[in-house]
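Asks: The structure follows.
Computed from the coordinates by the stated procedures, all read-outs in this text should not be read as laboratory data. As the structure is a computational prediction, the values presented were derived from the model and not from experiment. No Cβ is skipped: glycine too gets one built from the backbone with ideal geometry, and neighbour counts run over all protein chains shown.
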Amino acid sequence: MLKWLLLDLNSYFASCEQQADPQLRGKPIAVVPLLTDSTCVIAASFEAKKFGIKTGTSVRDAKKMCPALILKTGNHKLYTEFHHKIIAAIEDILPIKKILSIDEVACELIGREREFENAKKIAQRMKDHIQKAVGQEIKSSVGIGPNILIAKIASDMQKPDGLVMVTTEQIMEKIGPLPIEAIPGVGRQMKFRLNAKNYFIIADFIKTPEQELKKHWGSLWGLRISKELAGEDLSSSKNSNPNSLKKSLSHQHVLPPNLRTPEKSFLVVTKLLLKAAARLRDEKLKTRKLSVYVKCQDGTRFEKSVSFSDTDDTYFLAKELKKIWGIDAHKKPLKVAIALSDLINGPAQMSLFDNPKTKSINQALDAINMRFGTNTLFLASTQEVLSHAKTRISFSHVPKLSDEFDEDSSF
């Protein structure tokens, strides 16, 4: 059975750079956070990958591997603009069920779309349409399978510009022989742990009896993965929760030298909190916990959290932040972060900390900033740091086109 189509954009950041600048096409380029040898490659073009350069390669090593390598600092705004164009192109062909990250989407096939030849034609049409509507440099690999996990593994099997289909009956033949690290989320440390339990290839997981999996894994992770690798689509299971809430919303910022004081770093943290609170309301969530983190130049750290009844109120959260803030006057903060956790779906009824007046103010604030641009309205106390802590891309959060973007390209 075929049910899910997963499209993975190849070398996404590097491809966007090449599409935007014709002079970069056909050349080895690497996207980096900063133009310094001490940092690492974020993304490499197909041409650079031929030299062995990949995500995580140090810039110093990358230059040795490919002397002609062209470095480009990341451009968050550009990648977000391309993302939204690609999303529109995909939906010309098939509705998107889930946006998994800035470079991955999943579409659910229905009816006759699940037939092998029909699914194959849809996938090829989607790939071709993206290149026609967005640009020839924007290549993608598509995996089609009975669930998202199998479709994801299939999409990784043929890069760049691949199209791999795996029916339930073909899983053991096509997926089974792959190394265990082909499972998304299995990194180096996880691979060692799995190998220690005699899991070396994916078939080892599929063949292991359920009771043994439960014994090996203290959680449901092994059992769930095993079922998905066998072809089950747990997204439609009564026991699953495909719309499960994310665990937290967070923002962080490395402070420039002129803001490395307790007073000015607090203003940056406050601005980060305002962004997170707006995201809460946009995603119809509420939080029950606020945490603040500070790393100082001397290596010391400050961490503090506070819990409360569920809320999405900017003003209440700002007051709680002020209560828990406490950096020694002689410290020089280097990096600050805030996190909103213990998230729940925003209830229809009023919470203990919901104030009808501030709720109306929050709604007006969000509406005006959405229409006229971020920071059209802002807290007066944050005016001094408005040009800092702007939006950056993470793979779990795709910015909106209306967001303000940080000229500092670091990821």
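Asks: How about Lys72: which aspartates and glutamates have a C-alpha closer than 19 Å to its C-alpha, ignoring those fewer than 8 places off in the same chain?
Replies: Here the aspartates and glutamates satisfying the reach criterion relative to Lys72 are Glu17, Asp21, Asp37, Glu47, Asp61, Glu81, Asp103, Glu137, Asp406, Glu407, Asp408.
Asks: Cβ neighbours within 10 Å, averaged per peptide: list 7-19, 222-234 in order, most packed at the top.
Replies: In descending order of packing, they fall as 7-19, 222-234.
Asks: Fewest Cβ neighbours within 10 Å first, please rank Thr300, Thr261 accordingly.
Replies: If I rank by nearby Cβ atoms, fewest first, I get Thr300, Thr261.
Asks: With the contact rule set at Cα under 8 Å and sequence spacing of 6 or more, what percent relative contact order holds for the range 279-329?
Replies: Once divided by the residue count of the range 279-329, the mean separation gives 35 percent.
Asks: Mind checking the full-extension length gain between Asp328 and Val306? Use 0.36 nm per residue of separation minus the Cα-Cα distance, one decimal, nm.
Replies: 6.0 nm
Asks: Order 147-153, 328-334, 184-190 from most to least packed using the mean count of other Cβ atoms within 10 Å.
Replies: With the highest mean Cβ count within 10 Å placed first, the list reads 147-153, 328-334, 184-190.
Asks: Let me ask you something else. Compute the length gained on full extension between Asp204 and Gln297: take 0.36 nm times their separation in residues and subtract their Cα-Cα distance, giving the result in nm to one decimal.
Replies: Taking Asp204 through Gln297 to full extension adds about 28.7 nm, to one decimal.
Asks: Convex hull over the Cα atoms of the range 1-165, averaged projected area in nm²?
Replies: Hull-based average projected area comes out at 9.0 nm².
Asks: Using a basic spin-label model with each label point 7 Å from the Cα along Cα→Cβ, how many nm lie between Asp342 and Lys120?
Replies: 5.4
Asks: Given points 7 Å out from each Cα along the Cα-Cβ axis, report the Arg188 to Lys54 separation in nanometres with one decimal.
Replies: About 1.2 nm separates the two model spin labels.
Asks: Which pairs in the list Lys132/Lys159; Lys271/Lys335; Lys49/Lys98; Lys295/Lys332; Lys27/Lys63; Lys97/Lys159 are over 18 Å apart, alpha-carbon to alpha-carbon?
Replies: Among Lys132/Lys159; Lys271/Lys335; Lys49/Lys98; Lys295/Lys332; Lys27/Lys63; Lys97/Lys159, the Cα-Cα distance tops 18 Å for Lys132/Lys159; Lys49/Lys98; Lys97/Lys159.
Asks: I've got another one for you. Put a dot 7 Å past each Cα toward the Cβ at Glu113 and Glu212; how far apart are the dots in nm?
Replies: Modelled inter-label distance: 3.9 nm.
Asks: Here's something else I'd like to know. Order 39-47, 79-87, 93-101 from most to least packed using the mean count of other Cβ atoms within 10 Å.
Replies: Put in order of decreasing packing, that is 39-47, 79-87, 93-101.
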